[in-house]
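Please read the structure below before turning to the comments.
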Amino acid sequence: SQQGEEDPQALSIQEGENATMNCSYKTSINNLQWYRQNSGRGLVHLILIRSNEREKHSGRLRVTLDTSKKSSSLLITASRAADTASYFCAIQGAQKLVFGQGTRLTINP
Amino acid sequence: GAGVSQSPSNKVTEKGKDVELRCDPISGHTALYWYRQSLGQGLEFLIYFQGNSAPDKSGLPSDRFSAERTGGSVSTLTIQRTQQEDSAVYLCASYFLGQGPYGYTFGSGTRLTVV
């Protein structure tokens, strides 16, 4: 299946700590994207990493991609209460964009 | 418009009735997706439109589901003879192929409840 699989399914940390979420997939990809979802409604695009890239940064976000292991990780540094949300990786193959099941991140004050 | 607009935001319908969900993508966006998300679950791909190409309908769960995109813009997802298991949030996303390393823009979704 092209679907990404996130790990862990749920993560709870203290404010200020770093949060790491992982995504594994099984097929070749054009790019891999990470999204955030608050309150079970619309998703917000966070970052896109192409298959020929290994690492990208955006503010407190750092994404890595290892195509040999077919895996990606999302690191959120210095977490804040507002980072509490569900995070999804999405695999872009030749055509459609397919999402994983997500990681539910809770930041405790 | 500035974003992807979906209507209605909430819909409660009786089992067996038909419903239509609407998506207005960002003007000029050539790609449009429909996804379904059940409570606490990931996004389930339903259908994908890209320009004038034939849509990818491989994710539609049954022949009760259909979608069309008129004039390469507005899309309507129709569910006939709704069942309780159709209850979910239906999300639409659009994208301009070739716009660069940007992601998809999602609407806020339609929460469908079948009673």
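Every number here is computed from the coordinates shown, using simple stated rules; none is lab data. Since the structure is predicted, the reported quantities are computational estimates derived from the model, not experimental observations. Note that we place each Cβ from the backbone using ideal geometry, even for glycine, and neighbour counts take in every protein chain shown.
Here are the numbers:
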{"quantity": "Kirkwood Rh and Cα Rg combined as Rg/Rh, chain B", "calculated": "0.96"}
{"quantity": "Cα-projected label distance for B:Asn52 with B:Leu39, points at 7 Å along beta-carbon direction, nm", "calculated": "4.6"}
{"quantity": "Options A:Ser79, B:Ser62, A:Ser51, ranked by Cα towards positive dipole end of the protein assembly as shown, top entry (Cβ charges)", "calculated": "A:Ser51"}
{"quantity": "Cβ-placed point charges (K, R +1; D, E -1), dipole of the protein assembly as shown about Cα centre in debye, nearest 20", "calculated": "140"}
{"quantity": "Percentage relative contact order, chain B, counting C-alpha pairs under 8 Å, at least six apart", "calculated": "38"}
{"quantity": "Sparsely packed trypsin sites (Lys or Arg not before Pro) within the range A:37-107, loop by DSSP, other Cβ within 10 Å at most 16", "calculated": "A:Arg54, A:Arg60, A:Lys69, A:Arg80"}
{"quantity": "Shape box of the range A:1-95 [Cα atoms, principal axes, largest first, Å]", "calculated": "37, 26, 20"}
{"quantity": "Fraction of beta bridges assigned by DSSP in the range B:5-115 that are antiparallel (%, nearest 5)", "calculated": "90"}
{"quantity": "Ascending count of other beta-carbon atoms within 10 Å, so fewest first, for A:Ile107, A:Ile13, B:Ile79", "calculated": "A:Ile13, A:Ile107, B:Ile79"}
{"quantity": "Per-residue average of Cβ from other chains inside 10 Å of A:29-38", "calculated": "2"}
{"quantity": "GluC sites (Glu not before Pro) restricted to the range A:1-47 and DSSP loop, no more than 14 other C-beta within 10 Å", "calculated": "A:Glu15, A:Glu17"}
{"quantity": "Estimated inter-spin distance, A:Ser28 and A:Ser68, nm [label 7 Å along Cα→Cβ]", "calculated": "1.8"}
{"quantity": "FRET efficiency for A:Asn108 and B:Thr113, using Cβ-Cβ distance with R0 set to 35 Å, rounded to 0.05", "calculated": "0.65"}
{"quantity": "Using a Förster distance of 45 Å, the FRET efficiency for B:Tyr102-A:Ala78 (Cβ separation, nearest 0.05)", "calculated": "0.95"}
{"quantity": "Projected area, mean over directions - the protein assembly as shown, Cα convex hull, nm²", "calculated": "12.3"}
{"quantity": "Dipole moment magnitude, nearest 20 debye, the range A:2-63 about Cα centre, only Lys, Arg, Asp, Glu C-beta charged", "calculated": "280"}
